[in-house]
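Down below is the structure, laid out as structure tokens.
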């Protein structure tokens, strides 16, 4: 958003400290070539990381303010001090600059900006349009042609609720096309009256099409008209003594009533809108967003913003948030807010430009809309209170960890390592991280073991013996060398925030000694390390803790720090198991067709559908391959030559 830190006038500016002048010189050098046009500027540190992203109506007039260091607040003085390079992008208008600024802030996460840290994609509902019997399902990711989308939804729970309502009311199928094509009798969803079973023609194509049209009307906000139409159909069916059909329609009406009654807040007369409310407490900001689409509440989600600890104006925070929120979401026609955002008119222009239609940002003063905003603000306050309470408890636990292991300071980052494999195959090492805010999911890493310990073996090979301790040590060495070797390469001075204050490994004295030796070889002698060994009979609560130079010890069975360490260890174990299973599943579905040059997914599908298996393709003659639908002569020769090198081009008996 617009830089809120335009330097205020200072009647008695002092000379800036000498170290800051290096950053000022960089800015002054950039000023010589800056245009008066609108655009976006980035301030970069010595490593090339973005310190700050800002937009301006006139780049030259805006950036020159950073050379007046004595008038800058302390936060921006630090930014100028660290600036070693600037990058500039000009745009056609200030509105385009605002959109680009929001995109870059969300992507680069500069330290001196207000940043929306939200890596989750939003779930949508999708209805296929390229099938005689359209499917309704959940969707994440990029949109594809031949489908209609509704959303966004605040959470998977919210989209599941709507999907269940659509199944109950409109009886649409949710199964994949492959399942649909293979059905010979109705599935359980039909038995519990959540699908009309088009797969076995329990409903005609025309009647199913009518259900699809009603579902689209429902998703577009036409619930009242659908209810009236269904009520009329129920009465007509009862008059014709078609009581079973009348009862079925009655159940659909009840489903619609249930959908209408479960929303905690409603906005009469508003079809598509977002309710956005901000609450600030103790230097933290939480924004609660309620998504309304088609007149229905699609759920709500809290967002916690990263910014300087000092209290920042709510108008500034909300303005920055809205720009980043709609960076990857289509803005609705109406956005109801708890505070008037900074540069509201410019923000409206930018969002309207992005949406391709008019977008209104409105701060209601009375009525239902005001009640909705107040309700969202209450949710924001409660969310930030819960977060602060959890943070206090987390801080106590981290202090306990420092006490138990005699650490010099309370750890800000704990890394936990584990590995998983099946008899030495599909081996993976993982690292999970935790800190004052809980588990740091964005810092999780998985390492496919490339050394001898992790080599995948053909399915026909004789299974090897279970890996020895040396194999596990080799896996650990590879993981540590890759993780810390890269860290040393990227941050040799160890000045960044990506270094652990404590390393936990799942193992006893042997594993700890090996891990310690690896880090010592890399010159990382000062990173504290602890091994967690399972107790007798692998009994949770009786774990032994190992530290170099100390006797192993146990913690009291009901100790809170013990429970916390168990949670850390179990999270690493869970992540290792799921990573290994995913890799194993991927390896199991791999076929020998994947090794044929020029054979992609589409060709492979045609071959398997025609020949039934990879073995059938391998045994096929050249003429048989050429007769496969969608396989031309050139591709057929390539496939045949791969499985039968030197067999020539004979058409009979090639197999």
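The values are calculated or read from the model by the stated rules, or taken from the named source; none is laboratory data. Bear in mind the structure is a predicted one, so any value in this text is a computation, not a measurement. Quick reminder, even Gly has a Cβ in these numbers, built from the backbone with ideal geometry, and neighbours come from all protein chains shown.
Going by the conditions given, is residue 505 farther than 17 Å from residue 412 by Cβ and either at pLDDT below 90 or out of contact with any strand residue (DSSP E or B) (no Cβ under 6 Å at 6 or more places or on another chain) (or both)? Judged against the criteria, residue 505 is not a match. Among the residues making up segment 341-374, those that are in a helix (DSSP H, G or I), closer than 29 Å to residue 94 by Cβ and free of Cβ contacts under 8 Å to residues at least 40 places away in the same chain are 344, 345, 348, 351, 352, 355. Every listed requirement among (1) more than 23 Å from the chain's Cα centre (by Cα); (2) modelled with pLDDT of 90 or more is met by residue 432 save one, (1). Looking across 169, 200, 156, 179, one residue alone is within 24 Å of residue 294 (Cβ to Cβ) and surrounded by fewer than 19 Cβ atoms within 10 Å (Cβ to Cβ). It is 156. I'd like to check which helices (runs of 4 or more DSSP H) are fully inside segment 41-112 and have at least 1 residues that are modelled with pLDDT under 90. Result: 74-82, 94-108.
Would you confirm whether any residue within segment 136-144 is surrounded by 19 or more Cβ atoms within 10 Å (Cβ to Cβ) and touching a residue at least 60 places away in the same chain (Cβ under 8 Å)? Looking for residues that are surrounded by 19 or more Cβ atoms within 10 Å (Cβ to Cβ) and touching a residue at least 60 places away in the same chain (Cβ under 8 Å), one finds at least one in segment 136-144, hence yes. For segment 137-220, the helices (runs of 4 or more DSSP H) that sit wholly inside it and include 1 or more residues that are within 18 Å of residue 121 (Cα to Cα) and outside the structural domain of residue 333 (by TED's automatic domain parsing) are 156-170.
If you go through segment 264-275 and pick out every residue that is modelled with pLDDT of 90 or more and touching a helix residue (DSSP H, G or I) at 6+ places or on another chain (Cβ under 7 Å), you end up with 1. Candidates 319, 299, 323: the one that is at positive phi and modelled with pLDDT of 85 or more is 299.
Does residue 52 satisfy the criteria of being over 21 Å from residue 497 (Cα atoms), assigned by TED's automatic domain parsing to the domain that holds residue 101 and buried (at least 19 other Cβ atoms within 10 Å of the Cβ)? No, not satisfied. Restricting 496, 523, 549, 531 to residues that are modelled with pLDDT under 90 and more than 17 Å from residue 445 (Cβ to Cβ) narrows the list to 549. For residue 311, the criteria (1) crowded, with 16+ Cβ neighbours inside 10 Å; (2) at pLDDT below 90; (3) not in a strand (DSSP E or B) hold in every case but one, which is (1).
Conditions (1) in contact (Cβ under 8 Å) with a residue 40 or more places away in the chain; (2) surrounded by fewer than 16 Cβ atoms within 10 Å (Cβ to Cβ); (3) within 30 Å of residue 165 (Cβ to Cβ); (4) in contact with a strand residue (DSSP E or B) (Cβ under 8 Å, 6 or more places away or on another chain), marked per residue:
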site: 65; (1), (2), (3), (4): yes, no, no, no
site: 73; (1), (2), (3), (4): yes, yes, no, no
site: 78; (1), (2), (3), (4): no, no, no, no
site: 81; (1), (2), (3), (4): yes, no, no, no
site: 91; (1), (2), (3), (4): yes, no, no, yes
site: 99; (1), (2), (3), (4): yes, no, no, no
site: 107; (1), (2), (3), (4): no, yes, no, no
site: 112; (1), (2), (3), (4): yes, no, no, yes
site: 115; (1), (2), (3), (4): yes, no, no, yes
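For the condition touching a strand residue (DSSP E or B) at 6+ places or on another chain (Cβ under 9 Å), in a helix (DSSP H, G or I) and at pLDDT 90 or above, what is the one hit in 380, 453?
After applying the criteria, what remains is 380.
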